[in-house]
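Colleague: Mind looking over this structure? Questions follow.
None of the figures in this text is laboratory data; all of them are computed from the coordinates on show. Quick caveat, the model's predicted, so the values are computed rather than measured. Here Cβ is always computed from backbone atoms with ideal geometry, including for glycine, and neighbour counts include all displayed protein chains.
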Amino acid sequence: MKRYAGLFLLALSLLAACAGQDPADQTEEKSTSEDNVERNNNNITVSLEAEESKWSISENLSINGWLYNDSLPGEEIRVTEGDQVKVNFTNSLDEPTAVHFHGVPVDNKMDGVPGVTQNVVMPGESFTYEIDATLPGTYWYHSHQNGAEQVIDKGLYGSFIIEEEDNNYDTDEVIMLSEVSSMMNKMDEAGMERHGMDSEGGSSHMSEMDENMAHHDQMKEMYDTLVINGKSDPKLSEVNLREGEKAKLRFVNSGLATKVIAIPHDFKVTHYDGQPVNEPETITDHTGIRLGSAERVDIEIDASDPGAYGIEIFSNDNPENLQAVVPLRYEGEEKEELVTQEVSDYLDISSYGTSKDQEDILQDIDNEVEAVLGTNDGGHTYTINGKQMETDTADGHEIYEIEDGDIVKMKITNETDVDHPMHLHGSFFKVMAKNGEKVSGSPIKKDTLNVRPGEEYEIVFKADNPGNWLFHCHEFHHAGGGMVSEIKYKGFEPAETIDPGAPNQPE
Ligand SMILES: [Cu+2]
């Protein structure tokens, strides 16, 4: 469980040793092609390959990545509602992996969680994921095996967009936000193996520093490079507007840290996690948006105010290390200097947009459960109701047993002092109350909810998709440190028999 604490110390000493060395050789830009997508009316077949490849994040930093279709982010999968999508996945890595389509409604056997819904896809093997693209929205796909390493450090993530049939934006762009650790990368370059480092790994080097430095402080030191659409130079993600057009920006937090997005132009938040906000009002007062790990927001901009703006993006807790300005530029506005604006307040989704009666959901609660988010071992491991999933056995965690058809109400309380973006697999949930107060704005339908320190939420979902589904923190280190629970439909038998001997690591 303390794997990363050991890594951190090792990285520090290595960094000192590496100081002054030349940056890694530069590699060429990678491009993706339509070659991997076949369209036949509503049948879409995507070839998706995970492979090892070098990726240039910036002039001074390139990673030995594990990439989807040789691209970072992985090749965008963009389909239209009503499409039948088949993703033929091949694992060309030396590592076992699997693909999870985050937020996309799928059958349990297509959820891509090793050890829960399938056995991990071994090197050289393939797996076909079948997805009915019924619900439009901004989604993403990523490995659900050892995510801290595979997704964050190595790059196994990409966007998955289901367009509405009448999608009519002139500009429609995905902006994926993540971070990498240049320290960790230097370790990789120096050929340091991290796999042998289990809970005791590197422990002989563990000092009082480790004992005294909580997990999240170590993370702040380690993750020092904000990555936007695979690059650390935000100018490469410049958004161009034409006066009079309507633009859609789909922000995806594919990283670990909660990001703040500050847009110095009037805008609306039209979707949370791909699901529509009811009659959202235009935001004109420099309200920032906090986006937890795995959360998405769709922003709509009416381009009626020409200029050269800068969208500031920074880590909520680590703005010194992780911050960038993405240009938002009208045609013909060539100025280098970008208009930015300090955040005056933060969007509170519980009161944004227009309310709609949804009392009906609450009439018929069958099952009331609780998830108390806690911490253990001085901030190095994380718990749900005092329980942890053990990395090696995928066992020991909280299990919620429910019946098919149940309306389930869950109270989530964060008793730690860090954010926990909680992700429910298999169903969307509705957020009914925050800190004891009913949601007063638009109904909120989400698959991931960032629960900040001290916050308490009530969520409700209808159990209409039988399976074994994870409910876990999407900060992969917290998940790897135990913050994983499971929702099991009574009587459900998984399609694939889970092999206890397979190297499944479902976090
Ligand atoms: Cu967490």
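Colleague: Between the range 452-507 and the range 275-290, how far is it from one alpha carbon centroid to the other, in angstrom?
Modeller: Result: 30 Å between the Cα centres.
Colleague: Can you run phi through the Karplus equation (6.51, -1.76, 1.60; θ = phi - 60°) for the range 265-282 and list ³J(HN,Hα) in whole Hz, with x for Gly and Pro?
Modeller: Running phi through 6.51 cos²θ - 1.76 cosθ + 1.60 with θ = phi - 60° gives 9, 4, 7, 10, 9, 9, 9, 10, 6, x, 9, x, 8, 6, 6, x, 8, 6 Hz.
Colleague: Between GLU496 and GLN358, what is the spin-label point distance in nm, taking each point 7 Å from the Cα along the Cα→C-beta axis?
Modeller: 3.3 nm
Colleague: Now a separate question. So what's the back-of-envelope 222 nm ellipticity for the chain, counting only DSSP H runs of four-plus at -39500 (n - 2.57) apiece and dividing by all residues, rounded to 500? Intermediate values should be presented prior to the final figure.
Modeller: Numbers: 6 runs with 47 residues, N = 507.
Rounded to the nearest 500, it is -2500 deg cm²/dmol.
Colleague: Quick one: VAL113, VAL408, fewest Cβ neighbours within 10 Å first, how do they rank? Please report the intermediate quantities before stating the final value.
Modeller: Working: VAL113 24, VAL408 21.
Lowest count first: VAL408, VAL113.
Colleague: Rounded to the nearest 0.05, what FRET efficiency is calculated for ASN64 and ASP417 with R0 set to 30 Å and r the Cβ-Cβ distance? All intermediate terms of the calculation are to be shown ahead of the outcome.
Modeller: Values: r = 34 Å, r/R0 = 1.14.
Here the calculated transfer efficiency is 0.30.
Colleague: Only Lys, Arg, Asp and Glu count, each charged at its Cβ (+1, +1, -1, -1), so figure out the dipole size of the chain about its Cα centre, rounded to 20 debye.
Modeller: Details: 37 positive and 100 negative charges, 73 e Å.
That gives a dipole near 360 debye.
Colleague: Sort ASP419, ASP348, ASP406 so the one with the fewest other Cβ atoms within 10 Å of its own Cβ comes first.
Modeller: Details: ASP419 25, ASP348 13, ASP406 18.
Arranged by neighbour count, lowest to highest, ASP419, ASP348, ASP406 become ASP348, ASP406, ASP419.
Colleague: If you take the charge dipole of the range 32-167 about its Cα centre, with +1 on Lys and Arg Cβ and -1 on Asp and Glu Cβ, which of GLY82, PRO96, TRP55 is farthest toward its positive end?
Modeller: The residue sitting most towards the positive pole is PRO96.
Colleague: Rounded, prolate or oblate, given the Cα gyration tensor of the chain, with a/c below 1.5 counting as rounded?
Modeller: On the way: a/c = 1.25, a/b = 1.03, b/c = 1.21.
Rounded.
Colleague: Additional query: Please say if the range 225-346 is rounded, prolate or oblate, where rounded means a/c under 1.5 for a ≥ b ≥ c the square roots of the C-alpha gyration tensor eigenvalues, and otherwise the choice is prolate for a/b larger than b/c and oblate otherwise? Show your work: numbers first, answer last.
Modeller: Values: a/c = 1.57, a/b = 1.11, b/c = 1.41.
In terms of gyration-tensor shape, oblate.
Colleague: Enter the Cα centre distance for the pair the range 392-432 and the range 138-175, rounded to the nearest angstrom.
Modeller: 23 Å
Colleague: Given R₀ = 22 Å, what would the calculated FRET efficiency be for GLU455 paired with ASP345, taking r from the Cβ atoms and rounding to 0.05? Let's see the in-between values first.
Modeller: Working: r = 17 Å, r/R0 = 0.76.
After rounding, the FRET efficiency stands at 0.85.
Colleague: In addition: Which of rounded, prolate or oblate describes the range 359-489 when judged by the alpha-carbon gyration tensor and an a/c cut-off of 1.5? Write out the running numbers ahead of the final one.
Modeller: Working: a/c = 2.15, a/b = 1.31, b/c = 1.64.
The shape class here is oblate.
Colleague: Hey, fewest Cβ within 10 Å first, where do ARG39, ARG290 land in order?
Modeller: On the way: ARG39 13, ARG290 20.
Least to most surrounded, the residues fall as ARG39, ARG290.
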